[in-house]
1. Residues that are in contact (Cβ under 8 Å) with a residue 60 or more places away in the chain, under 15 Å from residue 325 (Cα atoms) and open to solvent by 20 Å² or more (accessible area, probe 1.4 Å): does the range 385-396 have at least one?
2. Can you confirm whether residue 276 is open to solvent by less than 10 Å² (accessible area, probe 1.4 Å) and assigned to a loop (DSSP other than H, G, I, E, B)?
3. Need pairs with beta-carbon distance below 7 Å; first residue of a type in the set (S, T, N, Q) and within the range 64-92, second surrounded by 20 or more Cβ atoms within 10 Å (Cβ to Cβ) and modelled with pLDDT under 95; sequence gap 6+ or separate chains.
4. Applying the selection to the range 182-231, what residues are of a type in the set (S, T, N, Q), in contact with an Asp or Glu (Cβ under 8 Å, 6 or more places away or on another chain) and open to solvent by 60 Å² or more (accessible area, probe 1.4 Å)?
5. Within the range 397-421, can you find the residues that are open to solvent by 30 Å² or more (accessible area, probe 1.4 Å) and part of a helix (DSSP H, G or I)?
6. Those residues that are part of a loop (DSSP other than H, G, I, E, B) and touching a strand residue (DSSP E or B) at 6+ places or on another chain (Cβ under 7 Å), I need them from the range 39-79; list them, please.
7. Under 20 Å from residue 44 (Cβ atoms), of a type in the set (Gly, Ala, Ser), modelled with pLDDT of 95 or more and open to solvent by less than 10 Å² (accessible area, probe 1.4 Å): which single residue out of 315, 255, 288, 344 fits that description?
8. Would you mind stating whether residue 360 is over 26 Å from residue 171 (Cα atoms), among the aliphatic types (A, V, I, L, M) and buried (at least 20 other Cβ atoms within 10 Å of the Cβ)?
Amino acid sequence: MLKAAGGTALAAALAGCSSLLGSGQEDSGQSSSDVPDEPIEAGLQTFTEGAAAVLGLQARYGAELAVQRINDAGGVAGREMNLDVVHEGDSHVENYNQFVEEGKDVTFGPISSGGHAAMAPEVESQEVINVSTDGTVTTLYEETVTDPTYSFRFQNYDVMECVSAAREAVQRLGADNVNTIAGINPNYAFGKDEFGVFKRAIRKLAGDVEVVYEGYPDLMADDMSTHITQVNDEQPDVTFSSCWGGDVTTLMSQAAANNMFENTQLVGSVLYSAVNDLSQDVVEQASAISGSRNYYWGEPTTDRWQPGKELRDEAMSQWDIVPSAHFMSGYGAVAAWATATQKAVDIVGGWPSQSQIATALEGHGFYTPAGYHVMSEGHQGMSNSYYGEMNWSSDLGAAVLEDVNMYDPREVSPPPGTKSANWIDSWS
C-alpha cells in the first residue's frame, strides 16, 4: 500500500498494489460525459525479430502487461487501451509518422538510441506524445532536442548508468587497483556515448587511468574475437562494455572460450539484458559486474517492496522469461503516460489535449513494480539504478545479481540545466 497523491485504482494497479492511500479523490478513474467512448489507440515500436529482439521483446511484453493492468482496472478514465506493436528496424521516423496517420493517441519506443535521436524532432513537429522506452543516448535532451514538449523518455539515460558503473568498479576493486581500462562497445551513438561517459567518470574517481584499448564491434556482430584478443594482450584492470541483448551473449560466450575473464574484470551497463540467454558456465566464469538500469526484481527486497518479485513471477508465468530492465522500459513508459493522463482528466474534467497531457507528464511522479519514478521537467525519466555481481541461480535456472547496490538518481545524474560532461568535470 502506498500513500501518494492521485492514488487512483489505475495508479494502484500499475504500481502492482491492491490499493493506494491518501488519494482524496473518490471519483478518480471514473468515466465522464466529456471523455470519448472509444478505446485509446496506442503504438509501440520495438525490435520484434533478430538478435536485438532479446531485449526488444522484453519491452513489448512489459508494455503489454501494463496495458492488461490498465484495462483490468477499468481503463484510463473508463477508456480501455489497445496497443499496436511494430518492428522498429531502421524505420523509426516512418513508424512514428504511420502511427500519427492512423490517429494514435500516444506512441511508445524505440529501443535504438540513434533511432530515437532521429525521431525526437519529428515528435516535436507532429505534436503527438511519444514516451520512449529506451534510446538512452545522453545528447538527446542536451543537444538534439533541448526544449522538448511532446518527446519524453522513461528509462534512465547513459550518464546515470555509466557513472554508476564507474563507481561500482572503483568501489569493488579499489581506486588504486584501477590503472588501465579497455572498452568493447557497440559501434553507434549509444556505445560511443556510454564509453565516453565511463572514461570521463572513472578518471575523476580513480585518477590518471590509461585507456589501453577501444573496440567498437558492429551491432549484432557474430565474431568479437579480435576485440577479445586485444583485451587478453593488454590485460586491463577493467573492461567496460555497453553491449546489450544478443551482443552480450556473443561477447561473454566468446570471452569465456578464450579465457578473457582471467585477464580483466568485465563491467557492463546492461549485461543483465541477456539474462535469459546466458549459460551457467559463462556466468560463473565471468563474475561480471552488471547494471540493471531502473529495475531489478530482487531489489528492493521483497520484505520492503513485494511488487518487484510479483512482476518477475508474472513475466515467467506469461512469457517464460526472467524480466530485465527492458521489461520495465515498456511497462514504465505506458504507466507514465497512463497515470499522467488520468491526472490530467481529473484536473480538466474531461479528456485532455496532447499539450495538456504533456504538461501533466512534466514533473510527474508515479509508482511501478520497480518503485518510484519521476519524469523530470526536462522530460527525462529518473529512477533508482542497480548494479551487482552476476552469478548463477540453480533455483531460477538463470543469472541473478548479488551484492546489489542501488543509486539514487540525484547521485548519478547532473542537476537540471547542466550538461553531463560539465557536471562530471566539476567533481572535486
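The values are calculated or read from the model by the stated rules, or taken from the named source; none is laboratory data. All figures in this text were calculated on a predicted structure; none of them were measured in a lab. In this analysis, Cβ positions are derived from the backbone assuming ideal geometry, glycine residues included, and neighbour counts consider all displayed protein chains. Ligands, DNA and RNA are stripped out before the accessible areas are found, and what is left, the full protein with its side chains, is counted by its heavy atoms. Shrake-Rupley method; radii C 1.70, N 1.55, O 1.52, S 1.80 Å.
1. no
2. Here the answer is no, as residue 276 does not meet what is asked.
3. Between residues of the range 64-92 that are of a type in the set (S, T, N, Q) and residues that are surrounded by 20 or more Cβ atoms within 10 Å (Cβ to Cβ) and modelled with pLDDT under 95, there is no close pair.
4. Matches in the range 182-231: 187 only.
5. Residues satisfying the conditions are 410, 411, 421.
6. Matches in the range 39-79: 39, 47, 48, 49, 75.
7. 315
8. yes
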